[in-house]
Amino acid sequence: MIEIYEKVAGQIAMSDDPGMAIRRWREEFKIAQGELARFLNVSPSVISDYESGKRRSPGVATIKKIVNAFIEIDSRRGGSIQRRFSSGVPIEALIDIKDYDRDVGLYRVVSAISGSNMSTVDLNRQIRGYTIIDGIKAALAFSYPEYTKLYGWSSQRAIFLTEVKVGRSPMIAIRAHPLKPAAVVYIQPGNVDQLALKLAELENIPLITTELPVQEVVRIMAGLR
């Protein structure tokens, strides 16, 4: 938390336009002006005036309060934004990442997300975390070494991908990498072709699909205990 606090506070304080920087980070944390104002016990117009430049640039004490509010609100929601920024994975492609403090059965995960196992690989295994990424942005943003960071503390995890059309490219990338996930989940895929299924079975990785929206998947996975 200290690292992201310093990053956000530093960027706001050093910006030529602190109000715009506050707005950018507020939107990055997905916090509405009204919600931030309520947390800080100020009028929404105060936040609006800072962001528009109508009010003079906030001092260090105000920036500290605003950044602490970003982090505390995110923590109350499960801390997904903080996890994204501390993971080391390119932020534009990473939707969420989390490690559990104990094993979670894959059958339970599939049930929770209303998933379907498209492969013939048995679901009788455990995961210790998950990573959710935008499949297209990942292909554009990730260098080869950064794929390792998808696994957090353990490769015993489920890798979720959005923006999947037929599922071939992600499975080729997974097969080429020495680390293998416990499961791969496509979120609202277009189709899953036979090559993707064949690759999953060759690597003994369950290939699962879910039609739930990505933010609902994030909520469910973050709440599993």
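The values are calculated or read from the model by the stated rules, or taken from the named source; none is laboratory data. Quantities reported herein were computed from a predicted structural model and do not represent experimental measurements. In this analysis, Cβ positions are derived from the backbone assuming ideal geometry, glycine residues included, and neighbour counts consider all displayed protein chains.
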Restricting attention to the stretch 194-224, the residues that are in contact (Cβ under 8 Å) with a residue 60 or more places away in the chain, on the phi < 0 side of the Ramachandran plot and in a loop (DSSP other than H, G, I, E, B) number exactly 5
Any chance PRO170 is in contact (Cβ under 8 Å) with a residue 60 or more places away in the chain, buried (at least 22 other Cβ atoms within 10 Å of the Cβ) and touching a Leu at 6+ places or on another chain (Cβ under 6 Å): no
For the stretch 52-138, list the helices (runs of 4 or more DSSP H) that sit wholly inside it and hold at least 2 residues that are farther than 24 Å from ARG168 by Cα, over 19 Å from the mean Cα position of the chain (by Cα) and in the same structural domain as LEU202 (by TED's automatic domain parsing); which are they? 106-112
Filtering the stretch 26-48 for residues that are in a helix (DSSP H, G or I) and in contact with a Phe, Trp or Tyr (Cβ under 6 Å, 6 or more places away or on another chain) leaves a count of 0
Check on LYS149, modelled with pLDDT of 90 or more, over 20 Å from VAL104 (Cβ atoms) and of a type outside the set (Phe, Trp, Tyr): no
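Quick one: would you say VAL166 is outside any helix (DSSP H, G or I), of a type outside the set (Phe, Trp, Tyr) and within 30 Å of PHE29 (Cα to Cα)?
When the stated conditions are applied, VAL166 does not pass them.
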Name the residues in the stretch 91-112 that are surrounded by 18 or more Cβ atoms within 10 Å (Cβ to Cβ) and of a type outside the set (Ser, Thr, Tyr), would you? ALA93, LEU94, ILE95, ASP96, ILE97, LYS98, VAL104, LEU106, VAL109, VAL110
